[in-house]
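Here's the structure we're looking at; comments come further down.
The values are calculated or read from the model by the stated rules, or taken from the named source; none is laboratory data. Quick caveat: nothing in here was measured; it's all calculated off a predicted structure. Glycine gets a Cβ as well: all are built from the backbone with ideal geometry, and neighbour counts include every protein chain shown. Each accessible area value is taken on the protein alone, full model and side chains, heavy atoms only, with ligands, DNA and RNA left out. Shrake-Rupley method; radii C 1.70, N 1.55, O 1.52, S 1.80 Å.
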Amino acid sequence: MTAQITLADYLQTHATPALASTLTTLATASVAINHLLDKGALAGIHGEAGGQNVQGEAQKKLDVISNDLLLNALIHNPNCAGVASEELDEISPANDDGTLLVTFDPLDGSSNIDINMTVGTIFSILPYHNQGQKATEADFLQAGKHQVGAGYFIYGTSTMLAVTFGQGVAMFSFDPMTQTYILINDNVRISEQTAEYAINASNRRYWLPPVQQYIEELVQGDTGIRQKDYNTRWVAAMIADVHRILIRGGVFMYPYDTKIAGKAGKLRLMYEANPMSFVIEQAGGASTDGVERIMDIAPTNIHQRIPVVLGAVEEVAYVKTLHDKAGILANGDKSSE
Ligand code: AFP
């Protein structure tokens, strides 16, 4: 039997000491979150916390607990200069001499907690360039292409970690016996084509024409111009839908919609779209807001929302072509060409 490679072993050869230490801190917090999820109702973690986050969304008790676990762990890591969480209005400066900034969604898909379905923690790691000074929100506003690490911990039927440091994607499974993450795939690759797509079709009437057309073609299956049948899957937790794509291919979409005026899509650029785009691209997939590569977009606000289409290269390119042909931008404006 070949020896198992632990996360600690892997980090020694695939990450800088600062990145390795930061990921170890994230992994330790994920184990604590995992324990609470295992206990479920017995840990008193079900239900609403009673507050709202900056996005105006009701916070679950475990949103708040997970946020605090991650935040407290990271601000005590000397490599970490600052932390930004989807659940907190303001960024948290940490250690002025740190070289890294971390953003996270502590519990993506938290509406799934009370129904015992998959949730997860998404993280993004950016370089910090102002050593000796207190980190500010402006330090975080870097395009996703500048990320030096990203990934997620998924708490599903088993707990797993997918991580990239810009040289492919590695996947780990958590061993409850030894309480360690064990490498199960050091080079995750996703298929260029797919017959599966993930989208919340109840928003159909609010989508832009290119997205309406795309989904209509998929629904027509082998009777339409795509000439093959497609299957829908929707877990209502981006983390689970993206994880499925990494394992067996597919395309995930949370496009721009006109449901709520002034909201440019539902997902957050810094906490969800950028880290997941980094993972997907490093596994051979692609990611766009419909028009532009997501990781090229310069953020203007730490809590900014963005339309997301990611997964199989051919499907993502086709969605972009439909936007181009319609002369429409990702937010529905007319393109100038
Ligand atoms: P939370 O992070 O608030 O739990 O939201 C999850 C999410 O942002 C994303 O993970 C899902 O893809 C999406 O919401 C599901 O949205 P719908 O409820 O509109 O299907």
(request) Could you check, for region 61-80, whether at least one of its residues is in contact (Cβ under 8 Å) with a residue 12 or more places away in the chain, within 16 Å of the ligand (Cβ to nearest atom), open to solvent by 10 Å² or more (accessible area, probe 1.4 Å) and in contact with a His (Cβ under 8 Å, 6 or more places away or on another chain)? (result) yes
(request) Please give the number of the condition residue 35 fails out of (1) surrounded by fewer than 20 Cβ atoms within 10 Å (Cβ to Cβ); (2) of a type outside the set (Lys, Arg); (3) within 16 Å of the ligand (Cβ to nearest atom). (result) (3)
(request) Please enumerate the residues belonging to region 92-136 that are touching a strand residue (DSSP E or B) at 6+ places or on another chain (Cβ under 9 Å), more than 26 Å from residue 279 (Cα to Cα) and within 15 Å of the ligand (Cβ to nearest atom). (result) 114
(request) Please specify each residue of region 218-268 satisfying the condition of being acidic (Asp, Glu) and either open to solvent by less than 80 Å² (accessible area, probe 1.4 Å) or within 11 Å of the ligand (Cβ to nearest atom) (or both). (result) 241, 257
(request) Consider residue 215 carefully, then state whether it is within 16 Å of the ligand (Cβ to nearest atom), open to solvent by less than 40 Å² (accessible area, probe 1.4 Å) and within 17 Å of the chain's Cα centre (by Cα). (result) no
(message) As an exercise: evaluate residue 322 against (1) open to solvent by less than 30 Å² (accessible area, probe 1.4 Å); (2) modelled with pLDDT under 95; (3) over 22 Å from residue 276 (Cα atoms) and give the number of the one condition it does not meet.
(response) (2)
(request) Filter region 272-308 down to the residues that are assigned to a helix (DSSP H, G or I) and more than 13 Å from the chain's Cα centre (by Cα), then identify the one that is surrounded by the fewest Cβ atoms within 10 Å (Cβ to Cβ). (result) 296
(request) Please give the number of the condition residue 84 fails out of (1) more than 22 Å from residue 20 (Cα to Cα); (2) within 16 Å of the ligand (Cβ to nearest atom); (3) among the small types (Gly, Ala, Ser). (result) (1)
(request) Check residue 204 against each of (1) under 20 Å from residue 127 (Cβ atoms); (2) of a type outside the set (Val, Ile, Thr); (3) part of a helix (DSSP H, G or I); (4) open to solvent by 50 Å² or more (accessible area, probe 1.4 Å) and name the one condition it does not meet. (result) (1)
